[in-house]
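Inspection log for the structure reproduced underneath, given as C-alpha cells.
The values are calculated or read from the model by the stated rules, or taken from the named source; none is laboratory data. Since the structure is predicted, the reported quantities are computational estimates derived from the model, not experimental observations. Reconstructed Cβ throughout: ideal geometry from the backbone, glycine too, with neighbour counts over all protein chains shown. All accessible areas refer to the heavy atoms of the entire protein, side chains included, with ligands and DNA or RNA removed. Shrake-Rupley method; radii C 1.70, N 1.55, O 1.52, S 1.80 Å.
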Amino acid sequence: MGYDVSFHPISPEEMREWYFTPLTWIQQGQEEKVLALAAQYRIEDFYAEKYLDTLRVGAGTESDELFDKSHGFYIAVIQGFFRDYYYTRGSAFSFLVEEKPEYERYFTSWGQVTPVSFPNPMQNRIIENYCSGVYLSPDQVMQLLKDMEQDPKVLEDLEGLWSNGQIAVLKKALSAAAELGVGLLEATEVVEPNPISPNESTSYSNLYHCDRDGVYLYIDTVSAQLADVIGKSEEQA
C-alpha cells in the first residue's frame with residue numbers, strides 16, 4: 001500500500017497536556033500559554049509556531065468531521081514536536097487488523113483515551129491519507145513486545161506485513177515507547193519522505209525528529225526497483 005506510515009510514542013496523559021488542554025487555550029484566546037508550554041519543552045521557535053498553527057486548525061474542527069482525520073491526525077503531528085517518531089512505508093496495524101481481527105486485542109479506542117467526549121465519528125484505524133490509525137496503550141505496547149518474543153505466530157504475522165527489514169523499525173518504535181512508559185499512535189502522511197531526493201522530504205511535524213532507519217529502507221527499496229527497471233530496459237534495447 002502506498003501509505004507513508006509513522007509511529008508516535010505518546011501517552012494519554014501527554015495527549016491531554018500537549019493537545020487537548022492547549023486546544024481549550026486556543027478556543028479561549030490564550031495562545032501565549034501554548035508558546036509557554038513549547039518553551040518549557042525547549043521547542044524551537046519555528047516549530048513552536050507550527051505547533052500553534054496545528055492547534056488552531058484543531059480548534060476549528062467541525063463536530064461532523066472524522067476524529068481520525070482531524071484531532072487524531074493532529075495529535076500525531078504535535079507528538080513529533082516533542083520527541084522522535086518512526087517511519088515505515090505501507091505497513092500499519094490498521095492493515096493487519098483488516099486481515100486478522102484478533103489483533104484488536106492490542107488496541108485502545110479513542111473513546112477510552114480522550115479526556116472529554118467528542119461528537120466526531122471515530123473509525124479507530126487508518127482509512128485514507130492524512131489520518132490517524134490505531135493506538136496501543138502503554139500496557140498493550142509491553143504486551144505486544146512480549147508476545148513478539150514468545151509467540152512465533154505473532155512475530156510471523158508482523159514480519160509478513162513489516163517486510164524487507166521494516167520489522168526492526170517497528171520493534172524500535174515499540175521499544176522506545178516501552179522505555180518511556182508510553183503508548184504508540186500510528187498515522188499516515190505526517191511525514192512524506194522523498195526517496196529520489198531525500199532533501200525534499202516534507203513533514204507536518206518536525207522532520208528532524210523522524211527516525212531515519214525506515215526512511216533509508218524506503219530509499220533502498222526504490223533504488224533497487226529503479227535499477228531493476230533500468231536493467232530490463234537495457235536488455236530490451
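What to note about this one:
- Over the range 4-235, the reciprocal of the mean inverse Cα-Cα separation, the Kirkwood hydrodynamic radius, stands at 18.3 Å.
- Net charge of the neighbourhood of Leu158, taken over other residues with C-beta under 11 Å away and scored Lys/Arg +1, Asp/Glu -1, is -2.
- Over all other residues within a Cβ to Cβ distance under 14 Å of Lys146, the charged ones net out to -1, with Lys and Arg as +1 and Asp and Glu as -1.
- The fraction of accessible area contributed by carbon and sulfur in the range 4-235 is 48 percent, rounded to a whole number (1.4 Å probe; ligands and nucleic acids excluded).
- For the chain: accessible area per residue (Å², 1.4 Å): 48 Å²
- Relative contact order (%) - the range 93-237, alpha-carbon pairs under 8 angstrom, separation at least six: 21 percent
- Among the trypsin sites (Lys or Arg not before Pro) within the range 149-224, those in coil by DSSP and having at most 15 neighbouring Cβ atoms inside 10 Å are Arg212.
- Note on surface exposure: Val5, Val116 rank Val116, Val5 by accessible area, highest first, 1.4 Å probe.
- Translational diffusion of the range 1-129 was estimated from the Stokes-Einstein equation, with Rh taken as the Kirkwood radius over Cα pairs; at 37 °C and 0.692 mPa s the coefficient is 210 µm²/s.
- Whole-Hz Karplus values for the range 106-121 come out as 8, 10, 10, 6, 4, x, 8, 10, 5, x, 10, 7, 9, x, 5, x Hz, taken residue by residue from phi with 6.51 cos²θ - 1.76 cosθ + 1.60 and θ = phi - 60°; glycine and proline positions read x.
- Most to least packed among 86-96, 122-132 [average Cβ atoms within 10 Å]: 86-96, 122-132
- Net charge dipole size for the chain [Lys, Arg +1 and Asp, Glu -1 on Cβ; Debye, nearest 20]: 400 debye
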